[in-house]
Amino acid sequence: MNQAELEQLADEVLSFIRKKRKQIFAISTLAKKLKSESSDIYKAAKVLKSWGYVIKLSKSEITFRQAADTLSATEINYYLKTKIIGQNLVSFHSLKSTNDIASQMAATGAAEGTVITAEKQTLGRGRLGRSWHSPEKVGAYISIIITPKMSPEKAPGLSVMTALAAAETFEKYCPGKVRIKWPNDVLIGNRKVAGVLTELYTKNNKIDYVIVGIGININQKQTDFPQTIRKLATSLRQVSGKKINRAELTAEFLQHFEKEYKSYPKSQLGGSLKRIRAYSSLLGQTIILKTGDKSLTGQAIDIDKTGALIVEVNGEKVTVSGGEVTVVKGS
Ligand code: BTN
């Protein structure tokens, strides 16, 4: 049995033994059920241990104790209940950027809903040429390939849609505390807990594909963040006080994303505006909005179904579809 076959068998053993935590399984019984040799089942169990699963193993018996703290496809799949998003799920241990790999895969025909995750990124990218700090074992770095049948002008709202899916996911862990900072950030207590990077690829003025990337700070301690962002960032663990299962949270996020995305190409954010407004950290605030080298100051009064922000500037309503916002303190 080669390494790939052994890893495949390890997955099969896992899905069998994890159904009944603490139950003792005879290796000979598993071998019969999985049509394998007992010696291979034993080796597969060793593989599971090397992946971080807590398993009690003797020459004749296996007992599942605890899942590994990993963002592997096996773990995410275990919790995943979607129909399209994540049905093709590719997990890497380390890569430069999940958005880059997703784009390469989309360009070579990967199906809509394909999801790339990484345990760590060495060149995680943020908006406006910034980097995204992507250390191992504490966060989730996810890219989703979508091919919406709509005009490219409708794409900007996808970032707001994704921020909403993230906010609704985090609500379970930090109820009442999550905010969306238009257009791409999710905040808790004014600190960033997740950021969205949506990249649009067009052909002949039509959408070829869109890569929606999200980085989520899940189990970081404050000292895990570099000094430069320590005062600006937080994690779900810090706010909730509990260590969070990253694979489960990733699956939950993909489910929220699928729910929001279903209606997007037809009605954009139409059905979600009420929730988006309720989560917004900007509405009612005086803001400075920078787009390129232009800047405007006014009051953020609404978000429309295209995902644009409506700002009142000297009594006039201005609609903006992207930019970098600073809230004017005391407004
Ligand atoms: C931002 O807040 O500026 C957006 C951050 C987006 C980070 C994610 S992590 C997964 C995906 N891969 C990347 O290189 N970037 C996005």
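Brief remarks follow.
- The lone criterion from (1) part of a strand (DSSP E or B); (2) crowded, with 17+ Cβ neighbours inside 10 Å; (3) more than 9 Å from the ligand (Cβ to nearest atom) left unmet by Glu75 is number (1).
- Selection count where residues are on the phi > 0 side of the Ramachandran plot and open to solvent by 10 Å² or more (accessible area, probe 1.4 Å), scope the stretch 90-144: 4
Rundown of residues vs (1) at pLDDT below 95; (2) not aromatic (Phe, Trp, Tyr); (3) not in a strand (DSSP E or B), yes/no style:
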{"position": "Gly271", "(1), (2), (3)": "yes, yes, yes"}
{"position": "Arg275", "(1), (2), (3)": "no, yes, yes"}
{"position": "Leu282", "(1), (2), (3)": "no, yes, yes"}
{"position": "Ile288", "(1), (2), (3)": "no, yes, no"}
{"position": "Gln299", "(1), (2), (3)": "no, yes, no"}
{"position": "Ile310", "(1), (2), (3)": "no, yes, no"}
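- A single entry from Leu197, Leu282 fulfils the requirement of being within 20 Å of Ser134 (Cβ to Cβ), among the aliphatic types (A, V, I, L, M) and surrounded by 14 or more Cβ atoms within 10 Å (Cβ to Cβ): Leu197.
- Among all residues of the stretch 240-259, there is none that is on the phi > 0 side of the Ramachandran plot, assigned by TED's automatic domain parsing to the domain that holds Gly176, open to solvent by less than 20 Å² (accessible area, probe 1.4 Å) and not aromatic (Phe, Trp, Tyr).
- Picking from residues in the stretch 122-152 that are of a type outside the set (Ser, Thr, Tyr) and free of Cβ contacts under 8 Å to residues at least 60 places away in the same chain, the one that is nearest to Leu254 (Cα to Cα) is Glu136.
- Evaluation of Tyr42 against the conditions (1) open to solvent by less than 70 Å² (accessible area, probe 1.4 Å); (2) in the same structural domain as Ser263 (by TED's automatic domain parsing) shows that the sole unmet condition is (2).
- Residues within the stretch 126-181 that are within 14 Å of the ligand (Cβ to nearest atom) and in a loop (DSSP other than H, G, I, E, B), tallied: 8
- For beta carbons closer than 7 Å, sequence separation of 6+ or different chains, a first residue in the stretch 155-175 that is more than 10 Å from Val212 (Cβ to Cβ) and a second that is among the basic types (Lys, Arg) and open to solvent by 10 Å² or more (accessible area, probe 1.4 Å), the qualifying pairs are Leu164/Arg275.
- So Ile62, is it away from the ligand (no atom under 15 Å from the Cβ), open to solvent by less than 10 Å² (accessible area, probe 1.4 Å) and of a type in the set (Val, Ile, Thr): yes
The values are calculated or read from the model by the stated rules, or taken from the named source; none is laboratory data. Not measured: the values here are computed from a predicted model. Note: ideal-geometry Cβ built from the backbone for every residue, glycine included; neighbour counts use all protein chains shown. The area values use the complete protein model at the heavy-atom level, side chains included, leaving out ligands, DNA and RNA. Shrake-Rupley method; radii C 1.70, N 1.55, O 1.52, S 1.80 Å.
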